[in-house]
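Working notes, beginning with the structure itself.
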Amino acid sequence: MEQLANIQALRAWRGNIAGSLGFVPTMGALHEGHAALINRSTAENEHTIVSVFVNPTQFGPGEDLHKYPRTLEADIALCDRHGVSAVFTPNSALMYPAGFTTWVTVEGLTDKLCGRTRPGHFRGVATVVAKLFNLVQPTRAYFGQKDAQQALVLTRMARDLDMPLAVITCPTVREPDGLAMSSRNRYLDARDRMRALSIYRALQAAETGLAAGEADVPTLKRTMWTELEGNVDRVDYVEIVDAADLGSMETIDRPALVAIAAFVGSTRLIDNIILSP
Ligand code: PAF
């Protein structure tokens, strides 16, 4: 497996490979969710490249940029075990050289859900991923459904800007007890981890409600709030929105994204499921 730490090395490697290239962009602290994206990529492509870059422009002031887990050695070992062809590990000076002033903004989709409380987050994500797509020139790029809004934003960006690749969204990988895998789960102590399970339980409560015939969105959201109250420390949002464009809906009469962002201690966790009528 090649380790590429700068843009020249990446371009030289890219120029020398033939056939399809799958790409898994990450911020490191890799877990089984990332491994599932890598496995899908290696199954569908002749080569797979993983990037590891903690992107400063997608963190707001006061967010966890500085404490974000950095585990490069273990990340490289995981990539190696899973048959990755190359790992790209640029630093901030390479990705954002002095005088950098160009940004990618996906309008509409980014005003909602996480975009409301994390202004600038999706501009940072879209910009870094557009740069990575330009550098890596993948055939296919893989993202997790856990970050449902991110996957929609990046799919829209690739379509709107005619980027010549397929953006593929893969199912959320969960711990046996239902907790969605996330690099931020490392912040949780045993008690917080137990409390965090209420997020998935709240999603399941919506699913159970719909299965029992309750399709009214305000009613389902109230059920979800009941599950969260007393467990999480702060709810950022509980939403049931159109799964295709994040538009509001009153009744689940088409595929719906049921999504939660909540703080357990100081850790902000997100999770979602898709429900269909
Ligand atoms: O999902 C992530 O890990 C990041 O948002 C991404 C897509 C790698 C961009 O920094």
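The values are calculated or read from the model by the stated rules, or taken from the named source; none is laboratory data. Just so you know, these numbers come straight off a predicted model, no measurement behind them. Glycine gets a Cβ as well: all are built from the backbone with ideal geometry, and neighbour counts include every protein chain shown.
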Inside the stretch 80-114, the number of residues satisfying the requirement of being acidic (Asp, Glu) and part of a helix (DSSP H, G or I) is 2
Give all pairs with beta carbons closer than 7 Å in which a residue from the stretch 139-165 that is under 19 Å from Lys112 (Cα atoms) and at pLDDT 95 or above meets a residue that is of a type in the set (Asp, Glu) and away from the ligand (no atom under 11 Å from the Cβ); count only pairs at least 6 apart in sequence or on separate chains. Lys146/Asp271
May I ask you to list the residues in the stretch 204-254 that are part of a strand (DSSP E or B) and of a type in the set (Val, Ile, Thr)? Val235, Val238, Ile240, Val241, Thr251
Within the stretch 32-59, of all residues that are away from the ligand (no atom under 11 Å from the Cβ) and within 20 Å of Arg186 (Cα to Cα), the one surrounded by the most Cβ atoms within 10 Å (Cβ to Cβ) is Ala36
Scope the stretch 111-131; condition in contact (Cβ under 8 Å) with a residue 40 or more places away in the chain, more than 10 Å from the ligand (Cβ to nearest atom) and either farther than 20 Å from Gly62 by Cβ or surrounded by fewer than 18 Cβ atoms within 10 Å (Cβ to Cβ) (or both); matching residues: Lys112, Arg116, Thr117, Pro119, Gly120
Has the stretch 182-202 got at least one residue that is surrounded by 15 or more Cβ atoms within 10 Å (Cβ to Cβ) and in a strand (DSSP E or B)? no
Exactly one condition in (1) surrounded by fewer than 18 Cβ atoms within 10 Å (Cβ to Cβ); (2) in contact with a Ser or Thr (Cβ under 7 Å, 6 or more places away or on another chain); (3) in contact (Cβ under 8 Å) with a residue 60 or more places away in the chain is false for Asp236; which is it? (1)
